[in-house]
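Q: Here's a structure for you.
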Amino acid sequence: MQPFQVALKGLFLYYFVTLPAWRGQGIYPRLLQHILRSEGEGNERFWIVHQHENVASQRGIEKAGFQIASKVYFIAADKLALVPPSVETSERARAGSALLGLLLCVDS
């Protein structure tokens, strides 16, 4: 896994896999926390994604201190959009929309 620089002062983390023999031991959230500590200086924002159906990954991400900024949905066969889970997360969702170049759908 290699994080890569996304916007000014931000990192995008992706494609983590915990081998079955090591799952359930809290390794993933501790790894994410280590990355946050070691890469925190000079980076204001960290982005991480997981597949919707991967609930274990979501739990590990949340245990590491991340909050869901938005969910990605298909709005057409070839178009994706971000939908923030709440008004409180809409600022982060806007930043994600700009970063990823995806439409942002929010309730007014």
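Q: Output the residues belonging to the range 65-108 that are more than 12 Å from the chain's Cα centre (by Cα) and charged (D, E, K, R).
A: Scanning the range 65-108 gives 78, 79, 88, 91, 94, 107.
Q: Tell me which of these residue 65 doesn't satisfy, since it passes every other one: (1) small (Gly, Ala, Ser); (2) modelled with pLDDT under 90; (3) assigned to a loop (DSSP other than H, G, I, E, B).
A: All conditions are met except number (2).
Q: So in the range 45-95, with the set limited to residues that are more than 23 Å from residue 28 (Cβ to Cβ) and among the charged types (D, E, K, R), which one is surrounded by the most Cβ atoms within 10 Å (Cβ to Cβ)?
A: Top of the filtered list is 94.
Q: Now for a separate question. What do you reckon, is residue 30 basic (Lys, Arg) and at pLDDT 90 or above?
A: In short, yes.
Q: Run residue 82 past the list (1) among the hydrophobic types (A, V, I, L, M, F, W, C); (2) touching a helix residue (DSSP H, G or I) at 6+ places or on another chain (Cβ under 6 Å); (3) farther than 21 Å from residue 104 by Cβ and report the number of the one that doesn't hold.
A: Condition not satisfied by residue 82: (3).
The values are calculated or read from the model by the stated rules, or taken from the named source; none is laboratory data. Fair warning: this is a prediction, and the values are worked out from it, not measured in the lab. Here Cβ is always computed from backbone atoms with ideal geometry, including for glycine, and neighbour counts include all displayed protein chains.
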